[in-house]
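Asks: Take a look at the following structure, please.
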């Protein structure tokens, strides 16, 4: 009997470890540890998920995102919007005492009994419901305002307490070490080094402490990344041995951001790591709203095209995945409960925002990338012979696998493009247009083998297209 129990324990432990994600042998993309297959991170930023939704609402949100093809939900244990002091919808807070950081935990976990069901029981529930839907939780132990001096409600409960940071992260890691669908993300919209009022701050000791607590509990091979503000993680965490993937936040302050350049530069650095944009522009986010000068006419909102144009090019430059966000989803906006945060002049509400345009079609990017078995890709703009463009509005990004048996070219504008087929392997070329809104292919008639060929998008009504070339 003991042998059977031991065998079951070993199988359970092996599954919990193997089911997590890791980095491939080339250090450029992600894989599932269970089978070593390519893993394309298709994330959604549900930052306030644990803090602002009921159980039923969380299930509705997870069901919708599962149907829309997402596989990572990014959420914060200690949320940004007064997440420590303002109770969740069941009247619970994370800590009993902010001085000692004692968790507010009660015996039992029956949601029908308010005396039993505590804040952490609700976090457990959401994570387990995500697992039932084969969704990973990109779990941030805390938002960055609980560490950094830069800005935010805070309070900064970890900044001067490395021991407290270690104890908190270790307790969190112990709680979820056997939960297969956890991806650890430190940071939370803050740089690890920065200046504030003329003083230089370095919060890396705190983040190192949290990373150590997670590794001490889950093992050295546990996957940990970092969600930054500005600049990118490689600017201050490149030498950290706990960091498994570099990241950036191209954000919502400008239309001119070009995250593909940072990703390409990250992939040249040593030690080598995958890289991706963990927070590009959100759909329906007002552009640069923080200076008080925003107007709909002058700056407007990021729309579904803006989201695609930024995300696709980041991935084609070598990004290990993509993250979508909607400005009224991350905060789960419901004006009967909370005031809106920087919404411009339009209140959509999180329930309607769940089915915003890009939310329904951004998964086509994941499907496109996973449709080719060889995930060992590089950016190769030498494929494009015609003018590639000059900035965020028109620049074309091309990617191909190392063996040159397929290539994909993202066109942010529906203009003809010249491609050098000699850059790909020998053989007949199957050429198609891929529509990033519908996910459908349109085969281009004709026989293509070599030389410089011109391809024109099928219509001008759809702004952006992907040219897909396969060597047969």
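Each reported figure results from applying straightforward, stated rules to the coordinates on display, with no laboratory input. Owing to the predicted nature of the structure, the values given are computational and were not obtained by experimental measurement. As a convention, Cβ positions derive from the backbone with ideal geometry for all residues, glycine included, and neighbour counts pool all protein chains shown.
Asks: Let me check against my output: what whole-number percent is the relative contact order of the range 2-370, with C-alpha pairs under 8 Å and at least 6 apart?
Replies: Working: 721 pairs, mean separation 61.1, N = 369.
Computed value for the range 2-370: 17 percent relative contact order.
Asks: Hey, fewest Cβ within 10 Å first, where do 400, 175, 443 land in order?
Replies: Details: 400 24, 175 17, 443 10.
Ordered by Cβ neighbours within 10 Å, fewest first: 443, 175, 400.
Asks: Ok, one more. In Å, what Kirkwood hydrodynamic radius results for the range 274-405 from the alpha-carbon pair distances? The partial results should precede the final answer.
Replies: Numbers: mean 1/r = 0.0602 Å⁻¹.
The answer is 16.6 Å.
Asks: Between the range 428-466 and the range 276-348, what is the C-alpha centre distance in whole Å?
Replies: The range 428-466 and the range 276-348 have Cα centres spaced 29 Å from each other.
Asks: Could I ask something else about it? Return the whole-Å distance between the Cα centroid of the range 217-238 and the Cα centroid of the range 26-72.
Replies: 19 Å
Asks: Still on this structure: Just the number, please: Stokes-Einstein D of the range 126-228 in µm²/s, Kirkwood Rh from C-alpha pairs, 25 °C, 0.890 mPa s.
Replies: The diffusion coefficient I find is 173 µm²/s.
Asks: Is it possible to state the helix-based mean residue ellipticity at 222 nm for the chain, with each DSSP H run of 4+ residues giving -39500 (n - 2.57), the sum divided by total residues, to the nearest 500 deg cm²/dmol? What is it?
Replies: Estimated from H runs of four or more residues: -7500 deg cm²/dmol.
Asks: Two-decimal Rg/Rh of the range 216-308 from alpha-carbon positions, Kirkwood Rh?
Replies: Numbers: Rg = 16.0 Å, Rh = 14.8 Å.
Dividing the radius of gyration by the Kirkwood radius yields 1.08.
Asks: Can I ask one more? Note down the Stokes-Einstein diffusion coefficient of the range 367-436 in µm²/s, whole number, using a Kirkwood radius over alpha carbon pairs, 10 °C, and 1.306 mPa s. Working shown, then result.
Replies: On the way: Rh = 12.9 Å.
Taking Rh from Cα pairs, D becomes 123 µm²/s.
Asks: Going by how many other Cβ atoms sit within 10 Å of their own, how do 156, 210 line up, fewest first? Before the final figure, lay out each step's value.
Replies: On the way: 156 16, 210 26.
Least to most surrounded, the residues fall as 156, 210.
Asks: Can you divide the C-alpha Rg of the chain by 2.2 N^0.38 Å and report the result to two decimal places? Display every interim value, and only then the final one.
Replies: Values: Rg = 22.8 Å, N = 472, 2.2 N^0.38 = 22.8 Å.
Relative to the 2.2 N^0.38 Å estimate, the chain comes out at 1.00.
Asks: If you average 1/r over every pair of different alpha-carbon atoms in the range 395-472 and take one over that average, what Kirkwood value in Å do you get?
Replies: 12.6 Å
Asks: Moving to a separate point now. Can you tell me the length gained on complete extension of the stretch residue 472 to residue 376, counting 0.36 nm per residue apart and subtracting the Cα distance?
Replies: Details: separation 96, 0.36 × 96 = 34.56 nm, distance 1.83 nm.
The residue 472-residue 376 span can extend by a further 32.7 nm.
Asks: How large is log10 of I(q)/I(0) for the range 69-168 at q = 0.10, 0.13, 0.21, 0.23 Å⁻¹ when the intensity is taken from the Debye formula with one equal scatterer per alpha-carbon?
Replies: Once normalised to I(0) and log-transformed, intensities are -0.30, -0.51, -1.16, -1.27.
Asks: Right, something else. If you take the alpha carbon radius of gyration of the range 174-331 and divide it by 2.2 N^0.38 Å, what ratio comes out, to two decimals? Walk me through the numbers before you get to the answer.
Replies: Values: Rg = 16.8 Å, N = 158, 2.2 N^0.38 = 15.1 Å.
The value comes to 1.11.
Asks: Could you put 56, 153, 258 in order, starting from the residue whose Cβ has the fewest other Cβ atoms within 10 Å?
Replies: In increasing order of surrounding Cβ atoms, one gets 56, 153, 258.
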